[in-house]
Amino acid sequence: MKRIWTRWLPAAAVPAAVAVAVLAGGAVAETPPPPATPQQVLALAAGHTARQFSGVVKENADLGLPSIPSQALAPATSSASLGSEASILELLTTPHTARVYADGPTKLRVQIMDELAERDAIRNGNDVWTFDSKAHAVTHATLPATAPPGNATPSAPPITPDQLAQRFLAAADSTTSVALGPSASVAGKSAYTLVLTPKSAGTLVASVQIFVEAKTGFPLGVDVYAKDQTSPAFHSAFTQLDLAAPAASVFAFTPPPGATVKQEQAPNQKASRPAAPAKQPLGGKGWDAIVTVPAGSVPAGLLDSPLLKQLATPVAGGRALSSSLVNVLVTNDGRILAGAVPLSALEAAAK
């Protein structure tokens, strides 16, 4: 389950599984300097070189998912993993504040500030740590020298607005209309607003707004709108941002005295790692694509997960986990179908 979420979903649906990083408060109208065309702003965002920064990110999602009591998640979150099924579901149903620090592609720290507690994910070169202050638990993994740059944990979904925006920009192909919205101020910085609108009528995504810093092209925030919702279903943005290198000490981590430390293998270090579940396209392209995980490829125990049973609704032929942006269908024969499409589309594809 730690890695399956990002494998389930097409590129346009990945933000529904994102664990940390979302906007609190609306953007303020402002007029930045040129460029002034969608193509120029796309090029500005694609070519940005801001790789060092620190700031505060707010998370608040309105996906129509029920909130999950922290008591129900306690046993599952004690592993300190920011990519576990319980943590992902909790992050999607509860507002969060995170401090983020980055210095190049292999140094990243995310601190999720819970009430009277803190969860950290740190990548410092090839060392990856997670820490849960409430459980007083630490995990550590060593990435191989060939490990690609990316998130603080190998299994985590995008955790900064920049990473999230790049996922959407990569999906902005011929299935997408691109326009400029009103200019804005995000985290005190002037920004252009790129508006991505799916051309397909078969997707749940109405539009995506990406706030691009006017001088550097650094993506400051992302708003995802679902159909039939006037307010964003998902928001991701900085509320504070400093585009300077953080102190090196920010990325250094030593387990606190008395903490339980679990040594883990990075996914691509395992000698006999099972093959990744095959994704089979079942129809649509881009925003209305449907993918499936074949029966037999689903991790053992997932179909019997108490959290899945709590959130999923019985439907003909299986159980469905529905939100305003993404639907997931678990069939009785063990397949999983997912997409940013209505449940009826998944049911039809399952047949």
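The values are calculated or read from the model by the stated rules, or taken from the named source; none is laboratory data. These numbers come from a predicted model, not from an experiment. Cβ: placed from backbone, ideal geometry, glycine included. Neighbour counts: every protein chain shown.
For residues in the stretch 228-241 being modelled with pLDDT of 95 or more and not β-branched (V, I, T), which is nearest to the chain's Cα centre (by Cα)?
Filtering first and then ranking leaves F238.
Could you check the stretch 103-122 and list, in sequence order, the residues that are more than 17 Å from the chain's Cα centre (by Cα) and closer than 15 Å to R51 by Cα?
Matches in the stretch 103-122: D103, G104, P105, T106, K107.
Step by step: first the residues of the stretch 160-200, then only those that are assigned to a strand (DSSP E or B) and either basic (K, R) or without any contact (Cβ under 8 Å) to a residue 60 or more places away in the chain (or both), then the one that is surrounded by the fewest Cβ atoms within 10 Å (Cβ to Cβ). Which residue is that?
For the stretch 160-200, the residue satisfying everything is S177.
Of the conditions (1) at pLDDT below 95; (2) over 19 Å from Q163 (Cα atoms), S249 clears all except one; give me its number.
So the condition that S249 fails would be (1).
Which residue out of T106, T130, T97 is among the hydroxyl-bearing types (S, T, Y) and surrounded by 21 or more Cβ atoms within 10 Å (Cβ to Cβ)?
Only one candidate passes the filter, namely T130.
Could you check the stretch 288-306 and list, in sequence order, the residues that are within 16 Å of A320 (Cβ to Cβ) and modelled with pLDDT under 85?
V298, L302, L303, S305
Do the conditions hold for V261, that is, is it under 22 Å from the mean Cα position of the chain (by Cα) and aliphatic (A, V, I, L, M)?
no
For the stretch 317-324, indicate whether the set of residues that are farther than 29 Å from Y225 by Cβ and either buried (at least 18 other Cβ atoms within 10 Å of the Cβ) or in the same structural domain as P232 (by TED's automatic domain parsing) (or both) is non-empty.
For the stretch 317-324, residues farther than 29 Å from Y225 by Cβ and either buried (at least 18 other Cβ atoms within 10 Å of the Cβ) or in the same structural domain as P232 (by TED's automatic domain parsing) (or both): absent.
Kindly provide the set of residues from the stretch 211-228 that are small (G, A, S), farther than 11 Å from V186 by Cα and either assigned by TED's automatic domain parsing to the domain that holds G339 or outside any loop (DSSP other than H, G, I, E, B) (or both), ordered by number.
A226
The rows are residues; the columns are (1) among the hydroxyl-bearing types (S, T, Y); (2) within 25 Å of D242 (Cα to Cα); (3) without any contact (Cβ under 8 Å) to a residue 40 or more places away in the chain.
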residue: A102; (1), (2), (3): no, yes, no
residue: P105; (1), (2), (3): no, yes, no
residue: V110; (1), (2), (3): no, yes, no
residue: M113; (1), (2), (3): no, yes, yes
residue: R119; (1), (2), (3): no, yes, yes
residue: G125; (1), (2), (3): no, yes, yes
residue: T142; (1), (2), (3): yes, no, no
